Amino acid sequence: MKFTKLNRTIHNWISIFIALPLLLVIVSGMFLLLKKDVEWIQPPSVRGVSDATPMVSHDQLLAAATSVEQTKGLKWSEFDRIDYKVDRGMVKFMTLEGWEVQVDTTNGALLSVKERRSDFFEKLHDGTYFGDWVKYYILIPSAICLFTLWMTGLYMFIYPYVKRASNKKNKKLKAQTQRT
């Protein structure tokens, strides 16, 4: 089998193998690109009263964060993430269930309670939503296959130009040898 035919065959079969994982990465990646622009994906960060040194104790921040139904009764360690946004004067409490509670660090007031879907899209994007095995045994091999697809596609794109240039060179050499 000629190399160009083998190259095309490899390109076609790899395309079929990586179609679904690649679609998952592309669609989830589009949502992640828009997470700061679309409130449905990730709630906007609300500014607190002041970005000065926090005036509220950690206990007061936790009390404010757990005063809503979505986080009632949670302890510090039961939150997925807690982000201090010092430049915005607030703290974000994120739950494993996808809720985000924003609390003002100056007065302990509740600034926002909204569902946060960006973490879900991140887990889809890196495959951990389905389990770590998907990341290691499907997405990483798909990435390797995608690189191979890129190389074979590049070869199929460049080959006709190289072949055409080679043919022109051969024609010139043939014409010169016939003249002499």
Out of the residues in segment 80-95 that are of a type in the set (A, V, I, L, M) and touching a helix residue (DSSP H, G or I) at 6+ places or on another chain (Cβ under 8 Å), which is surrounded by the most Cβ atoms within 10 Å (Cβ to Cβ)? Val91
Is it the case that segment 122-140 has a residue that's outside any loop (DSSP other than H, G, I, E, B), in contact (Cβ under 8 Å) with a residue 60 or more places away in the chain, aliphatic (A, V, I, L, M) and over 25 Å from Lys35 (Cα atoms)? yes
Looking at (1) surrounded by 12 or more Cβ atoms within 10 Å (Cβ to Cβ); (2) closer than 19 Å to Glu115 by Cα; (3) free of Cβ contacts under 8 Å to residues at least 12 places away in the same chain, which is the one condition that is false for Thr9? (2)
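Bear in mind these aren't lab numbers, they're just calculated from the coordinates by the rules spelled out. Quick caveat: nothing in here was measured; it's all calculated off a predicted structure. Cβ atoms come from the backbone with ideal geometry, glycine included; neighbour counts cover every protein chain shown.
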